[in-house]
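K.L.:
Handing you this structure, nothing more for now.
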Amino acid sequence: MSADPLAPTGKPCAICGKPAVEQFRPFCSQRCKNVDLHRWLSGRYAVPAVEAEEDELGLAEPDEAPPRRRGPLDGA
Ligand SMILES: [Zn+2]
C-alpha cells in the first residue's frame with residue numbers, strides 16, 4: 001500500500017510547479033519528465049551541429065527544401 005505510483009511527493013514539479021508524484025518524481029507527469037529530459041539533452045548536445053541546423057531549417061521552410069533531399073517522388 002506504500003507503493004502508490006501516483007502518491008504525492010510533497011514537492012512541486014520541477015517543470016510546471018504542480019504537485020509531483022512518486023512515479024515521475026521530481027515531476028508531476030511523464031510529459032514534464034520528457035520536457036526535462038529534452039532540455040537536458042538539448043544542453044548536452046548544444047554544439048555547432050551542422051546536421052541538426054539543416055534539419056531544423058528544412059522543417060521550418062518546407063517550400064525551400066534543399067534539392068539534395070531526393071525522394072521516390074522525384075522519379076529517381
Ligand atoms: Zn509538471
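Read the figures in this text as sums done on the coordinates, not as results from a lab. Since the model is a prediction, treat every value here as computed from it, not as a measurement. Reconstructed Cβ throughout: ideal geometry from the backbone, glycine too, with neighbour counts over all protein chains shown.
K.L.:
Which net charge results for the neighbourhood of residue 18, defined as the other residues with beta-carbon distances under 13 angstrom from its beta-carbon, given Lys and Arg at +1 and Asp and Glu at -1?
P.N.:
Details: positive: 11, 25, 31, 33; negative: none.
Spelling it out: positives minus negatives among the neighbours equals +4.
K.L.:
Continuing with this model, one more query. Scan around residue 20 for amide H atoms under 5 Å from its own, H built in the peptide plane at 1.01 Å from N, and keep only partners 5 or more places away or cross-chain.
P.N.:
For residue 20, whose amide H was placed from the backbone, the distant partners under 5 Å are 9, 10, 11, 13.
K.L.:
Where Lys and Arg each count +1 and Asp and Glu each count -1, what net charge lies around residue 27 among other residues with Cβ under 14 Å from its Cβ?
P.N.:
Values: positive: 11, 18, 25, 31, 33, 39; negative: 22, 36.
Overall, the nearby charge balance is +4.
K.L.:
Once both labels are modelled 7 Å past Cα along the beta-carbon direction, what's the residue 11-residue 73 spacing in nm?
P.N.:
4.8 nm
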